[in-house]
Structures are given as C-alpha cells and as structure tokens.
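Everything on this sheet refers to the single structure shown next.
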Amino acid sequence: MTWLERLKRKSYMDPLTAALYLVPAGIIVVVFRMLPIGSAFLLSFFDVKMGRIRGFVGLAQYARLFQDPTFWSSLGTTAYYVLGVVPLSLFLSLFAAVLLNQKIRALGFYRTVYFLPVVTSLVAVSMVWKWIFHPRLGLLNYFLQFLGGGSLQWLEEPRGIFEMAAGALDWSWWPGGLAGPSLALIAVIVVAIWRGIGYNIVIFLAGLQNIPDQYYEAARIDGASPRQVFWNITWPLLSPTTFYVLLSTTIVSFQVFTQIYLMTGPPVGGPMGTTKVIVYYLFEKGFDAGGNMGYASAVALVLFGIILTLTLVQRRIVERRVYY
Amino acid sequence: MKRYVIAVAVVLTVAALIAGCGGGGEESTSGVVTVQFWHAMGGPLGDALDELVAEFNETHPGIDIVSISMGRYQALSQKIMAAVAAGQPPVLAQAYEAWTGELIENGSAEPLNTYIEGADGLTAAEIDDFVPGMLDNNSWEGTIYSFPFNKSVRAIYWNRDLFAAEGLDHAPTDWSEYEGFARRLTKDTDGDGKIDQWGTAGQISAWMFENLLLQTGGQILTDDGTAVAFDSAEGVDALEFMVRLLTKWGKVTSGYEYQNDFQAGKVAMIEGSTVSLSFMEGKYTFDMAVAPLPEQKGKGCYVAGTNVVIFSNASQAQKDAAWKFIKWFTSPETTARWAARTGYAPVRMSATASEAMTARFAEIDGLKEVLQQLEFASYEPRSGAWYAGRKHLEEVGVEGALRQRMTPPEALIEAARLVNAALAGQ
C-alpha cells in the first residue's frame with residue numbers, strides 16, 4: 001500500500017490529512033507573515049541602510065525612537081484616528097445591518113449600495129474624496145455655501161476641531177492644549193468610515209442571520225417591544241460578531257496608510273503634520289532618502305506591541321461580556 | 001491528462017512572468033543597450049524630456065534610453081531607495097544631492113571622473129563652461145558622482161499692466177519695495193468691501209523662506225552642518241517678512257493655485273521657480289515679465305532641482321551609454337533647448353549665447369537677469385540629515401507661521417527643535 005493509498009483510506013479528520021490541507025495556507029502565512037515579522041524584529045537591532053546591514057546597535061534605535069517628538073505626535077494622531085473610526089464605524093454598521101436584516105423592499109439594492117465602497121479601489125476612492133473636499137472646487141463646500149454656510153478648508157485645515165468649535169462659539173475659556181484632531185484628520189476619518197462600513201455590515205448581517213428565529217418568535221408571543229427584543233436577544237447573541245468586528249476594525253485602523261498617503265499633502269501627513277499617522281511615519285523613516293530600515297523596523301515592532309497589548313486588553317475586558 | 005497539461009501550462013506561464021519581472025535591467029540580444037532612466041518630470045516638463053530622449057535615441061543607434069516618470073520627487077526617492085535595497089536599481093536617475101550622498105555611502109553611485117577624463121569625456125574648457133559651483137556641488141571629496149540636470153532659481157513674475165495702472169514701472173528690487181508694491185497693488189476694485197486684486201500670493205514653501213533668510217544674512221545650518229542656525233534674528237526677520245507679505249498683501253493658496261490666480265490677473269506679482277514658466281506658457285494675456293529676487297542686506301538665491309546619477313550595478317555598456325546621454329544632455333546646445341523649453345537654468349555658460357536662449361530671452365522680458373542669479377547662487381546643505389529635517393522647517397516653521405498657528409519666533413523655535421532632533425538622529 002503506497003502512502004497515497006493509505007492517505008486516501010484514512011478518514012477526513014485524520015490529523016495528517018488535516019495538516020496536509022493546511023500546508024498551502026501555512027506556507028503563505030509563514031513566508032509572508034511570520035518570516036517578515038521575525039526579520040523585522042532582528043533588523044530593529046541593526047543599522048540598515050538601503051538593504052545593507054551596517055552594524056549592531058542594540059536598543060539604540062528604540063531609545064532614539066522614544067525621544068523623537070514626531071514619533072509621539074504621529075502616535076497621538078493615530079490614536080485620534082482609531083478613536084474616530086472604531087466606535088462610529090461599529091455603531092453605523094450595526095445600525096445599518098439591523099435595518100438591512102428586515103424584510104424590506106429592494107433589499108438587494110441597499111445591500112449592494114452599502115457594499116460598493118468596499119469593492120471600489122481605495123486609490124480611486126481617495127482621489128474622488130480629495131476632490132470632494134477641495135476648498136475651492138469641491139462639492140462639499142459648494143453644498144455648504146448653497147445652504148448658507150461658509151466654506152471650510154477640510155484637508156488643508158490644521159486647526160483642531162474642538163479649537164474651531166470653541167472659536168466659533170466664542171468659548172475663550174477653552175484650553176489651547178485641547179485642540180483635538182485637525183479637521184483634515186476628521187475628513188480622512190469620514191472617508192475611512194464610509195469606506196469600511198460595508199464590510200462590517202456584511203459580517204453583522206451574517207451574525208444576525210445566525211440568531212435562531214425561535215427566540216424572536218417567543219419574544220413576539222410574550223409581547224416584547226422592539227427595543228426589548230434588540231437589547232435582550234439581538235445584542236447578546238450578536239456579541240461574538242460585535243467582538244470580532246471591534247477587534248478587526250481596531251487593528252485595521254491602527255494600520256491606516258493608503259488614504260493618508262493619497263489624500264493628504266503635499267507633503268503627505270499635512271497640513272502641519274496633523275495627519276501623519278504611525279505607519280506613514282514608519283514608511284518615511286524606512287524609505288525616504290536618509291531612511292533606515294532598522295529604525296523603521298523598530299517603529300513597526302512598537303506598533304505591533306501596541307496592537308497586541310490593546311487586543312489582549314480588549315479580550316480581557318470585552319470578552320467577558322461575550323456570549324458564545 | 002488534459003488537466004495535467006493545463007496545470008503545467010499555468011505553472012510555466014507564471015514562471016515566465018516571474019522571470020520577466022526580474023529581467024528589467026538586462027541588455028537585449030539585438031545589440032541595443034537599454035538604459036532605464038527614472039525621473040520625476042511630469043506635465044510639460046515630462047513632455048519636453050521625453051522629446052529630447054526620443055531625439056537622443058534616434059541620433060544614437062544602439063542606445064535606447066527608457067524614460068520612466070515616477071511622479072513626485074518623494075515617490076522617486078522612495079522607489080530608488082527600495083530598488084537599491086532590492087538590488088534592482090535603474091541605470092540612470094534624477095537625484096538630489098542628499099540622495100546621491102546616501103548612494104555613495106552605500107557604494108551604489110558610479111564615480112564619473114573616469115568618464116569625464118576618458119576618450120569620450122569632456123575637455124578642460126568644457127568643464128570650465130559649466131555654471132560655476134554646479135559641478136562642485138556634485139562632487140564629494142574631489143570625486144564627481146552626479147551631473148547637474150534640471151536646476152532652477154526663483155524669480156519674481158510681475159504683471160506689467162497691473163503695475164502700470166498703479167504707476168509702477170519696475171519689479172521690486174529690495175524688500176521695502178517688495179512689500180510697498182504689494183500693498184499698493186492690493187485693491188478692492190469694485191468697491192464691495194472685498195479685496196479683488198492681491199499684491200502677491202504664494203504657497204507654503206521652505207524654499208522661499210530659505211531665499212529670504214539668505215537675503216537678510218542668515219544661514220540654514222551652522223557651518224559644520226550639525227545644528228540649526230535658522231532660529232536666529234535673521235530667521236525671524238525673514239519669516240516675519242514672509243508672513244506679512246503673504247497674509248496682509250497677499251494670500252497663501254494650496255498647491256499651485258497662486259499661479260492660476262496670477263494668470264487670471266487677480267494677483268499682481270508672484271514669486272516662483274523659473275520652471276513655472278513652462279506651466280504658465282500661453283495661459284496669460286497680459287504683459288508679463290520676470291525679475292531677479294529683491295535684495296535685503298544682500299542678494300541671495302538658492303538653486304533648486306536635481307542632478308543625474310549612474311548606478312554602479314549596471315553593466316559597463318549601460319554605464320557608457322548613460323554617460324553618452326548625460327554628456328549629450330548637458331552639452332551647450334541641448335541644455336539651451338531644454339532650458340528654453342522648460343524654464344530650467346542652462347547648466348553651461350555658453351548656452352546663454354545660443355540661438356534657443358537668445359530667442360527665449362527676447363520672448364520673456366527679464367529672464368536673462370533672472371538666470372544671472374546663478375553667478376552668486378548658493379546651494380542647500382547636502383546631508384541626508386538636512387533632507388529629512390527640511391520637512392519640519394516647511395510643515396512646522398513655515399506652515400505654522402503662514403497659517404498663523406504660531407508667531408514666527410515660536411514657529412522657528414519649534415521647527416528648530418524638530419530639525420535638531422532629526423540632525424542628531426543620523
């Protein structure tokens with residue numbers, strides 16, 4: 001009996017067979033994920049310029065990193081971005097998913113519309129939105145003026161939104177340090193939410209459809225109000241899905257790059273560096289002239305550490321409320 | 001069996017594709033030497049370059065220069081650095097001095113002295129014909145690694161018709177005239193309480209600030225290049241002047257909109273690179289002239305623009321072909337045509353007397369005087385550290401002050417803090 005015949009006779013659940021099936025995906029994960037992470041970890045201890053390792057520097061790059069004011073400001077910008085995108089995206093996509101889960105007319109149409117931004121090229125999306133936000137020729141300012149408002153600078157506005165609001169309301173007591181994210185960053189956040197919502201809706205819809213109908217029927221017989229149904233059936237039974245969406249949206253938000261690269265500036269990260277997120281900072285430090293791949297690797301590992309910690313914290317705190 | 005054949009076909013196709021991707025820099029078998037040339041020339045500049053490249057290829061059988069635009073300079077630098085790291089650089093590329101410095105350190109830039117001194121080289125008289133300072137700025141410890149390619153200086157563009165309406169017959173020659181003229185030319189022409197015509201306009205530009213700094217006697221970095229020197233009284237002077245000029249008697253626009261406003265006659269004068277000429281060509285109807293930058297304590301002018309480098313990985317045949325192209329491109333005749341067409345400065349002194357440039361000088365009033373600024377021009381620090389730090393000067397120092405987020409002294413102190421951190425990090 002050859003090994004192939006033996007393999008064929010064994011049951012589907014045989015561990016060897018399972019391992020064999022896992023090999024193709026495993027190779028991809030190892031080659032394109034694990035090895036780069038490992039090499040980034042190693043490179044972060046070396047001085048690397050243009051692919052050439054020039055010497056071991058130990059933790060020096062980490063020390064320099066923590067002393068660079070631009071690193072901290074880009075970290076702050078990223079935090080604003082994540083705080084802006086994650087809660088709103090979660091709320092809006094859940095809201096839309098619940099609505100799309102009803103038996104309404106033209107359901108397929110609505111589902112398609114919400115999903116369209118996801119399948120549209122992010123590059124095209126970014127360029128179109130950049131035009132919409134254009135201070136002089138953009139659609140958004142045109143509408144604002146049409147409605148009798150003034151025009152805003154959008155992607156070219158470095159002032160923080162709290163600061164702008166305080167200025168508009170004459171709140172002179174508002175502390176200058178609490179300027180908030182720049183309007184430019186808010187513009188990027190809006191696009192990110194618009195773009196990412198469709199994907200989350202699909203995940204939520206799948207979760208919603210996994211909730212057995214009997215619970216809803218029972219609730220209806222007991223005369224529960226729609227609000228009670230949502231909070232006592234939908235919300236708890238959807239919690240594994242919500243948890244997954246929360247985790248994945250947070251991780252993806254920390255890694256935002258394309259929209260920043262395409263929508264902001266020149267120079268990218270502008271105005272006044274208020275949209276320079278951590279991954280762009282990393283890219284600049286690694287690939288610009290004068291860049292150092294070792295240093296960029298150190299940034300990548302710090303970011304990895306931050307995301308890992310946050311994910312663990314989320315698991316600790318949020319997962320307790322998840323009903324599997 | 002059929003399925004097996006298909007599988008093999010797929011594998012072979014993929015393998016061929018992968019092999020094809022890796023073969024970018026190879027020479028073809030037909031005896032033609034292919035030279036990949038990466039640059040960042042777009043719009044009219046890209047068209048002009050492509051035409052000259054096509055002409056070179058036609059007149060030089062056996063050489064095929066492939067001109068590839070990478071978009072912006074920043075994208076070009078990122079692609080060059082990544083390509084070098086991957087061991088797949090082009091043969092020829094535009095490069096700022098700071099990039100060349102990095103490439104030299106990495107052993108990736110080809111020293112050009114042997115080519116200059118070789119059989120197909122340049123005579124001493126030809127070397128002397130290069131604009132003073134340009135070749136020095138392309139030399140590192142006595143070795144020439146790059147050649148000046150597209151160099152520009154700043155100029156005042158002024159609308160003679162609007163100036164004449166205000167009784168002004170010349171472009172500003174010093175700072176007080178610069179501001180005074182801008183004030184007089186800022187007007188509410190239709191009496192609705194809104195200003196319709198601005199004295200000047202500009203974009204957020206570290207280059208403009210650096211020129212002003214030089215004119216008022218300041219300098220960018222200390223002499224040894226290890227620390228910032230722009231956070232000086234002269235720096236504050238220069239930045240305060242820039243802010244007054246562009247926010248009281250002018251406006252700050254995003255990107256190149258100030259050029260459009262100037263073309264439309266809504267702005268009386270602008271400061272810009274000589275290359276703006278090629279972007280404005282045929283887009284204005286008034287009597288336009290250019291003039292050298294106004295002086296303050298003295299004249300001051302920083303040269304901008306890139307050079308070309310040859311990468312040492314290329315084969316000798318490719319390097320020889322690339323050198324032929326550089327020599328041809330920087331010859332008095334070609335550089336004159338390139339300059340007349342684009343607004344870049346010709347890199348050879350004798351080019352100014354050429355037919356192409358004489359005709360251009362007759363067309364654009366004041367261009368000759370603008371290009372004469374090259375004779376006393378300065379060059380920015382060349383270190384990679386400054387290249388990385390310069391961004392902070394632009395986005396914190398200049399932008400912070402122009403958007404009135406900070407006062408000029410505050411903006412300079414903050415920018416200096418960030419630039420010094422960048423300088424120390426190298």
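Every number in this text was worked out from the coordinates using simple rules, so none of it is lab data. Note that the coordinates shown come from a computational prediction; the quantities given were computed from them, not determined experimentally. Here the Cβ positions follow ideal geometry from the backbone for every residue, glycine too, while neighbour counts run over all protein chains shown.
Points worth noting:
- Qualifying lysines (Cα of each under 21 Å from Cα of residue B:248; at least 8 residues distant if same chain): B:187, B:194, B:266
- Percentage, to the nearest whole number, of Cα pairs in the range A:1-123 over 18 Å apart: 78 percent
- For the range B:119-185, convex hull volume per residue from C-alpha positions, Å³: 156 Å³
- Dimensions of the range A:68-321 along the principal axes, based on C-alpha atoms and rounded to the nearest Å, stand at 66, 50, 42, largest first.
- Fully extended contour minus Cα-Cα distance, from residue B:68 to residue B:317, at 0.36 nm per residue: 87.7 nm
- Under the convention that each Lys and Arg Cβ holds +1 and each Asp and Glu Cβ holds -1, the size of the dipole of chain B around its Cα centre is about 1220 debye.
- Separation between Cα centres of the range B:113-175 and the range A:125-180, rounded to whole Å: 42 Å
- A straight Cα-to-Cα reach below 12 Å connects residue B:324 with the aspartates and glutamates B:64, B:120, residues fewer than 8 places away in its own chain not being considered.
- Taking label positions 7 Å along the Cα-Cβ direction at both residue B:233 and residue A:215, the computed distance is 7.6 nm, reported to one decimal.
- Normalised radius of gyration (Cα atoms, divided by 2.2 N^0.38 Å) for the range B:203-310: 1.20.
- Residue with peak Gaussian network fluctuation, chain A [Cα springs, cutoff 10 Å], from A:240, A:175, A:117: A:175
- Convex hull of Cα atoms in the range B:254-402, direction-averaged projection (nm²): 11.8 nm²
- Relative contact order of the range A:68-321, pairs being alpha-carbon contacts under 8 Å that are 6 or more residues apart, as %: 27 percent
- Between residue B:264 and residue B:194, the modelled label-to-label distance comes to 1.1 nm, taking each label 7 Å out from Cα in the direction of the beta carbon.
- With distances taken between every two different alpha-carbon atoms, the range A:254-309 has a Kirkwood hydrodynamic radius of 11.6 Å.
- Extents of the protein assembly as shown, taken as max minus min of Cα coordinates on every principal axis and listed largest first, are 93, 77, 51 Å.
- In the range B:168-214 the Cα-Cα distances spread across 5 Å bins starting at 0 as 5, 17, 19, 22, 19, 11, 5, 2 percent of all pairs.
- With the Kirkwood sum run over all distinct C-alpha pairs, the range B:66-196 has a hydrodynamic radius of 19.3 Å.
- Whole-number D in µm² s⁻¹ for the range A:277-317, Kirkwood Cα-pair radius fed into Stokes-Einstein, 37 °C, 0.692 mPa s: 301 µm²/s
- Taking every DSSP beta bridge that has both ends in the protein assembly as shown, the antiparallel portion is near 65%.
- Pairwise FRET efficiency - residue B:51 versus residue A:178, Cβ, R0 = 56 Å, nearest 0.05: 0.50
- Ratio of the Cα radius of gyration of chain B to 2.2 N^0.38 Å, where N counts its residues: 1.09
- Helical segments meeting 27 Å axial Cα length and Kyte-Doolittle 1.6 threshold in chain B (DSSP H): B:2-22
- Rounded Å value of the spacing that divides the Cα centres of the range A:69-102 and the range B:55-90: 40 Å
- Cross-link pairs A:49/A:130; B:251/B:368; B:79/B:151; B:151/B:299; A:130/B:391; B:151/B:251 - those with Cα-Cα distance over 25 Å: A:49/A:130; B:251/B:368; B:151/B:251
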